[in-house]
1. Starting from the amide H of Lys201, placed 1.01 Å from N in the peptide plane, find each other amide H under 5 Å away whose residue is 5 or more places distant or on another chain.
2. 5 Å is the cut-off here: which amide hydrogens, built 1.01 Å from N in the peptide plane, fall below it relative to Asp106, excluding neighbours closer than 5 in sequence?
3. For Arg291 paired with Thr324, estimate the spin-label separation in nm (one decimal), with each label point 7 Å from Cα along the Cα-to-Cβ line.
4. When a footprinting reagent is the concern and you count Cβ atoms within 10 Å, what order do Met193, Met344 take, fewest first?
5. Which whole-Hz couplings ³J(HN,Hα) result when phi for each residue of the stretch 366-376 is put into the Karplus expression 6.51 cos²θ - 1.76 cosθ + 1.60, θ = phi - 60°, listed in order with x for Gly and Pro?
6. Express in nm, to one decimal, how much length is gained between Arg108 and His167 on full extension, taking 0.36 nm for each residue of separation and deducting their alpha carbon distance.
7. So how do Val195, Val161 line up by other beta-carbon neighbours within 10 Å, fewest first?
8. Taking amide hydrogens as modeled 1.01 Å from N in the peptide plane, which residues meet the under 5 Å criterion relative to Leu207, leaving out close sequence neighbours?
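What follows draws every value from the coordinates through simple rules; no lab data is involved. Please read these numbers as outputs of a predicted model, since none were measured by experiment. As a convention, Cβ positions derive from the backbone with ideal geometry for all residues, glycine included, and neighbour counts pool all protein chains shown.
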Amino acid sequence: MKRAVILVVIATMLAACGAPSPISAVVPSPPATSVSARSVIPITAETAPHLSKIAQFSLPDAGPSLPDAGPVGGLAFTPDNAELRAVYGKQFALRHWRVADGALLDERPIEPVGMGAIAFDSAARVFVTSGAGDSDFLGDRYMAGSSPDEILGPLDGPYLVDTQNGHRRQLRYPEPQNTSFNGVALGQDGQTMVVAGKGDKLVVWRLPEQGPPPDPVFERPISTASNVYLSDLALGPQGRLLAARGEGNQIQLWDVKSGREWGALSLEQGEDNQANGRGMDVARIAIDPARRWLAAFWQQREGQRTRRLTLWQLDERRIRWQLTFELPMAESYIYTLAFDPSSMLLVAGMSSGVRIWHVETGEELLTIPGQYVYAVAFSADSSLLTWGDDAGVIHIAGVSER
């Protein structure tokens, strides 16, 4: 087992005088301490502006100057916060890190499974992965130094991987030959799984705890108006509500149990949508644990490539707030979205670090500058936030006592 190099740091508290400006609240560089030595303070809308880095884990060959160590493609805490489990997209490895001191507890190779789309269940016991067929979407930073075949895998179907023993099960996809799998979602109970294939269909499985992988529960066609981008689907907490890109500027909703459609959410029209028939493509979707909110990141298909982050209130099927990004794509592209366990915070892993918003108001609470971030996760008790960057470094943040 490789000896882990752990850089453990603790931050001084951010100044709390008044509400932070959208870009000004920046996590400082702190002196060192142990994660286990800190008090458990939940990350809330009130405490999020005071979030600070308390640890980062990496292997000896990880860092900005050695990008082959990354990227981190998936992250999940165990329910007791004792371990952090990470999937690495270039080294094709699953690693278990001890949160208290950053010790590398286990490392398992998982090749030749593709690393394009990754999702964990809530207990970090199992994750699902499948190769994504759109290497352009992943970007040069993800793909640097590797061929699409190396990163995206054999495109022979999605895999379910047991994090305890590394055992993997391949699930039968209706069209297994050279099919691009651009999105995966796994219910929190690890029993419902959905794959978006570039063969223009959604496929849903109900997974038994033991035994051979079953046939799909149902299949549904998806829009062919544009390419299906990576991870542009999401499952609700019980694995029943499914959201995926629909026709035009819409997100289609399904009841997974019955297979019935539950309607659609529409992106508000504007001049950038209507001119010359251009539309917006959904690139990321997330559903909150309470199933009250749905967040989506959109990008204009042509022209100036306008980008938007939209939050819907699901019970009323209406937009609660919407942000338009004016910054260059290199600074404002969202690669992953996640809600905190209380459904009050929305965090985005971006091409320029991490941002956190208040769900109800849309106020930006904190910006954490950094590298490309492809994976973010909260701990079950909301006391820790983690993210992994394209250099293979895992960062952990918490709230310091004031």
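1. Amide H to amide H, under 5 Å and 5 or more residues apart or across chains, Lys201 pairs with Ile222.
2. His96
3. The two pseudo-label positions are separated by 3.4 nm.
4. Fewest-to-most Cβ neighbours within 10 Å comes out as Met344, Met193.
5. Those phi angles translate into 7, 10, 10, x, x, 8, 4, 10, 9, 8, 9 Hz.
6. Once the chain is fully extended between Arg108 and His167, it gains 20.3 nm.
7. Val161, Val195
8. Amide H to amide H, under 5 Å and 5 or more residues apart or across chains, Leu207 pairs with Thr192, Met193.
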